[in-house]
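Down below is the structure, laid out as structure tokens.
The values are calculated or read from the model by the stated rules, or taken from the named source; none is laboratory data. This structure is a prediction, so every number in the text was calculated from the model and none was measured. For neighbour counting, all protein chains shown are included, and Cβ atoms are generated from backbone atoms with ideal geometry for every residue, glycine included. The area values use the complete protein model at the heavy-atom level, side chains included, leaving out ligands, DNA and RNA. Shrake-Rupley method; radii C 1.70, N 1.55, O 1.52, S 1.80 Å.
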Amino acid sequence: MTVPVAPHGRALPILSPQKIRGLKPSLADVVEYRKSGLSLNWIVGCPLECGYCVRHLFDNFEMKVPRRLMSDEEAVASLVQHKYFEPHRTPIQLLNRATDPMLPVVKPHLVNVLRHLDNQGLTNHVLIITRWRVEPEDCAVLNSFKNLRLTVLVTHSGIDNEKIEPVDSNIAAASLRTLFDHAERYRTVLYWRPIVPGLNGSDAHLERARELSAHAHATVFTGLFFRKEIAAFYEAYGLPLPYEDTARRKIMPQAAEKRILDYFHTAEHVTAPWGALFRKTSCAVAYAHGEADYNGHYGIRELCNICPQEQLALCRLAWRKPDLAEVTQDARELGATGTVEVTERAIIVEGLDEPPRYYLQHGYGYQCHDRAKPHHYRQHGRAPIGWKAENGTTTA
Ligand code: SF4
């Protein structure tokens with residue numbers, strides 16, 4: 001693995017229109033609305049080769065050298081002029097799909113875009129996810145933004161199979177400590193993922209994660225996206241298949257979750273009744289900033305049973321069931337068909353794909369689900385693999 005270094009002051013080249021046309025359309029589209037926010041990805045290509053990378057889904061895994069799809073200024077304009085962008089409200093993610101934002105050649109462009117957004121006085125949440133090196137001088141830059149609510153999430157899996165995880169997890173661990181030690185205006189979150197039983201679910205892995213969680217403002221644990229493209233990569237490289245089936249959502253088996261929660265919450269291991277551990281990324285980010293969850297997960301009350309009491313109180317105060325007539329009008333304008341419902345847990349719509357659903361969700365601070373893809377009780381929006389229904393049968 002060779003990590004390119006930025007020649008001083010030289011910007012990353014921009015791909016030619018012809019090369020951009022050769023990319024999958026979904027990769028060439030620089031703005032994508034995801035659950036944790038409106039995601040801006042104007043740089044693609046990464047040398048880090050994580051076996052479970054979502055670039056497999058974009059046929060982009062072989063592109064090891066990062067390249068821009070447009071200038072930084074054009075990228076900022078694409079984001080803030082996007083039809084779903086709302087100043088001070090829409091959460092933003094930068095470079096979380098096709099590269100690592102802290103790679104030496106990528107970082108100057110990340111900082112440039114952050115500077116442009118901050119200079120516009122925007123106070124939106126901005127999430128940056130990295131597993132690469134973060135130095136004290138980077139922290140000084142991250143602390144310098146005056147308006148944005150910035151969170152750096154550090155991915156740490158502890159997986160020691162080099163074919164799946166070629167980047168030494170100690171790099172991420174060192175970055176997390178550095179970020180935490182120097183945090184003034186930004187916050188840092190331990191992004192403990194992907195958790196895959198058999199690969200990184202041993203007591204030693206759990207103990208390591210628990211130790212690291214003391215060097216973060218919050219910790220979130222999640223499972224593996226195991227789509228057919230990623231399964232094909234595992235098979236082609238002779239890697240052990242972690243699951244027999246693939247799934248649309250992340251996989252986090254019930255037994256694995258229970259082990260983690262028991263480990264964090266038993267008196268032997270912790271002094272407080274609750275560790276600052278979360279199932280959902282937005283919950284961890286919100287907690288780190290002392291705010292209520294912007295995804296309205298409070299409606300899915302069983303998600304909150306591991307949340308610190310003071311955070312529960314914050315979310316309880318902020319959570320309001322929206323007015324049905326108002327939601328119906330908004331949903332119709334976005335193209336919803338069928339009946340719109342507002343239950344005690346979520347807004348339920350038909351005929352809207354993910355971007356408009358996330359727009360409603362972030363706008364109302366209330367979950368918004370597709371009637372055709374129900375969330376099952378206690379599975380927390382994850383794949384049904386490894387879960388039992390309330391009557392004891394498996395749900396898939
Ligand atoms: S109270 Fe519930 S919704 Fe709020 S941060 Fe905690 S887990 Fe998330």
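For this structure, a couple of remarks:
- Whole-percent carbon and sulfur share, accessible surface of the chain, 1.4 Å: 52
- Remark: region 185-190, residue by residue, has Karplus-estimated 3J(HN,Hα) of 8, 9, 10, 10, 10, 7 Hz, where x stands for each Gly or Pro and the curve is 6.51 cos²θ - 1.76 cosθ + 1.60 at θ = phi - 60°.
- Hydrodynamic radius by Kirkwood, which averages 1/r over all alpha carbon pairs of region 1-143, in angstrom: 15.5
- Here the 3J(HN,Hα) profile of region 53-58, calculated from phi with Karplus coefficients 6.51, -1.76 and 1.60 at θ = phi - 60°, is 4, 5, 5, 4, 6, 9 Hz, Gly and Pro shown as x.
- DSSP beta bridges in the chain [antiparallel fraction, %, rounded to 5]: 30
- Debye log10 I(q)/I(0) at q = 0.08 Å⁻¹ for region 17-316, Cα point scatterers: -0.33
- Peptide packing: for 303-313, 10-20, the average count of neighbouring Cβ atoms within 10 Å per residue gives the ranking 303-313, 10-20, highest mean first.
- Taking the centroid of alpha carbons for each part, region 110-163 and region 340-369 are 29 Å apart.
- Taking 25 °C and 0.890 mPa s as conditions, region 24-101 diffuses translationally at an estimated 190 µm²/s according to Stokes-Einstein applied to its Kirkwood radius (Cα pairs).
- Note on residue 107: lysines with a C-alpha under 20 Å away, same-chain residues under 8 apart excluded, are 64, 146.
- Residue-level accessible surface for residue 70, protein heavy atoms, 1.4 Å, Å²: 40
- For residue 149, the residues whose amide H sits under 5 Å from its own are 124, 125, 126, ignoring neighbours fewer than 5 places away on the same chain, with H placed 1.01 Å from N.
- Proximal lysines relative to residue 250, as straight alpha-carbon distance under 19 Å, when same-chain residues fewer than 8 apart are discounted: 35, 228, 258, 280, 373, 388
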